[in-house]
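Data first, discussion second: the structure below is written as structure tokens.
The values are calculated or read from the model by the stated rules, or taken from the named source; none is laboratory data. Predicted model only: the values in this text are computed from it and were never measured. Counting neighbours? That spans all protein chains shown, and the Cβs are built from the backbone with ideal geometry, glycine included. Surface accessibility is based on the protein's heavy atoms, side chains included, excluding ligands, DNA and RNA. Shrake-Rupley method; radii C 1.70, N 1.55, O 1.52, S 1.80 Å.
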Amino acid sequence: MPEGIFCNRKSIDTKEGLQEFMTDKGGAAYYKEMESLEVNVPALKAELKRTLKSRLKTWLNTCQGCGLCADSCFFYLANDKDPKQVPSYKIQSTLGEMVRRKGEVDTPFMIHCMDVAWGQCTCCNRCTLYCPMGIDMGVMFSYLRGLLYSQGFVPWEMKIGSGMHRVYRAQMDITTEDWVDTCEWMEEETEEEWPGLKIPIDQEDADIIYTVNAREPKHYPGDLADAAILFHLAGEKWTVPSEGWEETSLAMFAGDWEAAKMQVKSVYSAIDRLKPKRMVVTECGHAYRATVIEGPYWAGIKDGKPPVETLHYVEWVAEALRTGKLKIDPAKRIKEPVTYHDSCNYIRNAGLANDARYIMSMIAEDFREMTPNREHNFCCGGGGGLNGIGRYRKERNTGMIVKRDQILATGAKLVITPCHNCWDAIRDLEEVYKIGIRWSFLKPYLVKMAVVPDHLQHLEE
Amino acid sequence: MYQFITGPLLWLSFTIFFVGCFTHVVLYIKDLDEALDRVSYTTHIGWAIRGALWSLISWMVPFGTRSWRVKPVYTLMFYLFHIGAVIAPLFLSAHAVILESRWGISVPTLPDVVADWLTVGVIVAAVGVVIRRFILPEVRILTTDRELGALFIAVAPFVTGCMAYHQVGDSTYWTLAHILSGELLLVAIPFTKLSHLVLFFCSRVQIGIDFGTKRGGMKSVGMPV
């Protein structure tokens, strides 16, 4: 069978297409069809020729096989130091082999590549920091994901995710109307307690345009309310766009570069339309990376920077605390031991370690770092899209052991992480391993401990 | 025989070495692609230079990165090997004599005893690296003929040179073997994993620019890549 009904090389571009695709619960038929999905060898060869340039070639060819990357990989550590989990081995036996065979590969090989690219690597980029040659295996796996996506060898949920971006410009089925309704609903819910609070939609020339993760309007609208309260307390002139509000990119995890471009362009057009001075991104790691770090390149922006200066939420909070826009009531600081988990996507791809430490020093009395931390922190175990992929649940749960042990070693029972993916993974970690921890974003704590300025009213319920 | 291998063959070896290395660097730079690599190489020049230097210096200084610090035994072997392999041949008085007599070029030299110990260091480190390759499963799985072959070619001139210097057995034999293995090394560098002699610098500069301009270098000084 060259291409299947569900499993094929076509992207999902319509609402109906998405609905039909999702009738195959869990992708049972999809993966069955994949076993006979033929590789389009000429297309793969052409794509390798077009995109495999000096950087990737050098990374593949000059690996000296020193093995320093082994201990840097949480999958390697969590799987009892299985040599097949050494990052260099993983990339050499997949992308390296594909290149050595000049794209002349078969279906079982491509399925193996898929299982390694999504099930054994979260593209956390940690191994890059341990390679004397500066080889970035996270970037190479991301590249491999792109090749696999173009050939139809992509996990079921990733195909849905990129389809969602193509259809809704969001990772979930949220329309402009749904989003605007959620904003209005949260404004109504919150303004009783906070008279004068607004969630301004499509205001031009605001100081801040605030963009979010689709999970917030879909599952956690309270997060949007918390963000509104904090902007209200800080006296920010802010707005949300009715369109182009979604920062995340499952398309990036899927390797669907066309959808990734469509997604960031929707955000950049909101910026062009509303002309804000700056953008602030919610507490999400990959959203920030997709729209702020990688997105400008997908959109063809020459200097590699988004159209306006963009802050991750931790940067905005740190700035608001430093400038006194937000003040913390010292009596309300977190008293119990608390630790903090850095998201790979902003710690190793955006350098935000210091702001996070500053925030923790302001809100916690007994802050305990994990070891190692900052740029050397381990992935939560669910990054790179892995959290959402049913096929690799076992691999994900095993990988989380490293994060579990890091948390346990701090003695803290509360973990703060300003990232949706990490938040999910730590929640699941507790569900699987039951170590008695709680987890939170920053916003709920900030709302509880922020000082209400004299000119604002707060009517407690 | 001696005339040939120290004459035309030496010239040929040096030509292949220099042209090969130069070609590697030129092709590397020419093929960098801002859109595909998603790195803006030509804007943020100041940050790019800073990132590139930070990347090079951090990794060239022994124990300059966390990666070196968490593996101290390997790091010692690594630097023992590389420092000796670069310094000993470049500043060996016997090599300087040839340069002076052939082309009248005068270069500074190391005392013979220092060069000798550096050579022994290279050989000891190479033995250590090979043992490590076979006893550690995570390195064994990455070891192929390409890695072992490159190491063998790289170490051969040091072993033969050491034998010739200490006049063990037939010193003419060891001298010829030393010259030939040295020429083999020069020729092999562009065509094997030994091309990291130049590609190390290309790769480190590239990743240094990447992290220095795009991935956090403008916000955090702590990125050791």
Using modelled backbone amide H atoms (1.01 Å from N, in-plane), which distant-in-sequence or interchain residues come within less than 5 Å of A:Ile328's amide H?
A:Val451
Phi-based couplings in Hz for the range A:322-336 (Karplus 6.51, -1.76, 1.60; Gly and Pro marked x)
5, 8, x, 4, 10, 10, 9, 6, x, 5, 9, 4, 5, 8, 6
Residue by residue through the range A:254-260, the couplings from Karplus 6.51 cos²θ - 1.76 cosθ + 1.60 with θ = phi - 60°, in Hz, x for Gly and Pro, are 7, x, 8, 5, 5, 5, 4
Determine ³J(HN,Hα), in whole Hz, for all residues of the range A:234-248 in sequence, where each value follows from phi through the Karplus function 6.51 cos²θ - 1.76 cosθ + 1.60 and θ = phi - 60°; x replaces Gly and Pro.
7, x, 7, 8, 10, 8, 10, x, 6, 10, x, 9, 8, 8, 6
Loop sites in the range A:212-301: trypsin sites (Lys or Arg not before Pro), DSSP, at most 14 other Cβ within 10 Å
A:Lys237, A:Lys277
Positions from the range A:123-164 whose accessible area shrinks by 50 Å² or more when the full protein complex is built, not the chain alone, probe 1.4 Å:
A:Leu129, A:Tyr130, A:Pro132, A:Met133
As a test, work out the antiparallel percent of DSSP beta bridges whose residues both lie in the range A:321-461, rounded to the nearest 5.
10
Residues of the range A:78-115 with amide N under 14 Å of the 7 Å Cα→Cβ point at A:Lys45
A:99-106
Could you list, in their original order, any pairs among A:Lys25/A:Lys305; A:Lys81/B:Lys193; A:Lys443/B:Lys219 whose Cα atoms are separated by more than 29 Å?
A:Lys25/A:Lys305
Can you give the FRET efficiency to the nearest 0.05 for B:Met60 and B:Leu184, using r as the Cβ-Cβ distance and R₀ = 25 Å?
0.40
Using 7 Å Cα-to-Cβ label points, what is the A:Asp303/B:Ala94 separation (nm, one decimal)?
5.8
For the range A:76-161, what is the charge dipole size about the Cα centre, in debye to the nearest 20, if Lys and Arg each add +1 at the Cβ and Asp and Glu each add -1 at the Cβ?
160
Partner chain Cβ atoms within 10 Å, averaged over the residues of A:288-299 - can you pull that number for me?
2
Per residue value of the accessible surface for the protein assembly as shown (all protein chains in place, 1.4 Å probe), Å²:
40
Taking Cα pairs closer than 8 Å and at least 6 residues apart, the relative contact order of chain B in percent is 36
Expressed as a whole number, the average count of other chain Cβ atoms within 10 Å around the Cβ atoms of B:206-215 is 6
The range A:126-148 and the range B:157-176 have their Cα centres apart by a whole-number Å value of 43
Select from the range B:137-161 all residues whose loss of accessible area on going from the chain by itself to the full protein assembly reaches 40 Å² or more (probe 1.4 Å).
B:Glu138, B:Ile141, B:Leu142
A:Thr175-A:Glu97 pseudo-label distance in nm [points 7 Å out on the Cα-to-Cβ vector]:
4.7
Positive-end residue, the range A:25-95 charge dipole about Cα centroid, Cβ charges, pick of A:Gln85, A:Ser54, A:Gly67
A:Ser54
Can you send over the carbon and sulfur percentage of the accessible area for the protein assembly as shown, probe radius 1.4 Å, protein chains only?
62
What whole number of Å gives the distance from the Cα centroid of the range A:365-383 to the Cα centroid of the range B:56-106?
36
Cα-Cα longer than 31 Å, checked against A:Lys90/A:Lys413; A:Lys332/A:Lys403; A:Lys237/A:Lys403, kept in input order, equals A:Lys90/A:Lys413; A:Lys237/A:Lys403
Counting only protein heavy atoms, probe 1.4 Å: which residues of the range B:43-92 lose 30 Å² or more of accessible surface in the full assembly compared with their chain by itself?
B:His44, B:Trp59, B:Arg66, B:Ser67, B:Lys71, B:Tyr74
Taking every DSSP bridge whose two residues both lie in the protein assembly as shown, the antiparallel percent to the nearest 5 is 5
Cα-centred dipole magnitude for the protein assembly as shown, charges only on beta-carbon of K, R (+1) and D, E (-1), debye, nearest 20:
2280
Expressed in nanometres to one decimal, the distance between label points 7 Å along Cα→Cβ at B:Thr6 and B:Arg140 is 4.5
Rounded to the nearest 100 Å², what is the buried accessible area between B and A, both sides summed, probe 1.4 Å?
4500
Once you have a ≥ b ≥ c as the square roots of the Cα gyration tensor eigenvalues for the range A:1-84, tell me rounded if a/c is under 1.5, and otherwise prolate or oblate according to whether a/b is larger than b/c.
oblate
Of A:Lys53/A:Lys265; A:Lys327/B:Lys214; A:Lys218/A:Lys275, pairs whose Cα-Cα distance is over 29 Å:
A:Lys327/B:Lys214
Gap in Å between the Cα centre of the range A:1-62 and the Cα centre of the range A:239-310?
25
Determine the dipole magnitude for the range B:72-164: charges of +1 sit on the beta-carbon of Lys and Arg, -1 on that of Asp and Glu, nothing else is charged, the reference point is the Cα centre, and the result goes in debye to the nearest 20.
200
Leaving ligands, DNA and RNA out of it, work out the accessible area of A:His376 with a 1.4 Å probe and give it in Å² to the nearest 10.
30
